[in-house]
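Here is the structure we will look at, set down as structure tokens.
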Amino acid sequence: MKLLAEINIAKLEDRKTVTAILHENGYTVGPGKRKKSETGKTVSYFLKVYTDEDIDERD
């Protein structure tokens, strides 16, 4: 699998919607989060979007 993008989305509901759309179109999507600051009190949520390089494109 090849990482295509990391999409920053703050709201859980929006992440679920985008995940469903990407999955429906053949992408593999996983959650991610990272600390915004050194203290780790604020967190940034994002989606990792992958594609399988072995699958041929369909017309």
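The values are calculated or read from the model by the stated rules, or taken from the named source; none is laboratory data. Values in this document were obtained by computation on a predicted structure and should not be read as measured data. Reconstructed Cβ throughout: ideal geometry from the backbone, glycine too, with neighbour counts over all protein chains shown.
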Of everything in the range 13-30, what is polar (S, T, N, Q) and in contact (Cβ under 8 Å) with a residue 12 or more places away in the chain? Give them in sequence order.
THR19, THR28
Output for Cβ contacts, cut-off 6 Å, separation at least six or different chains, first residue over 15 Å from SER44 (Cα atoms) and of a type outside the set (Ser, Thr, Tyr) in the range 1-12, second surrounded by 12 or more Cβ atoms within 10 Å (Cβ to Cβ) and modelled with pLDDT under 95, reads LYS2/THR51; LEU4/THR51
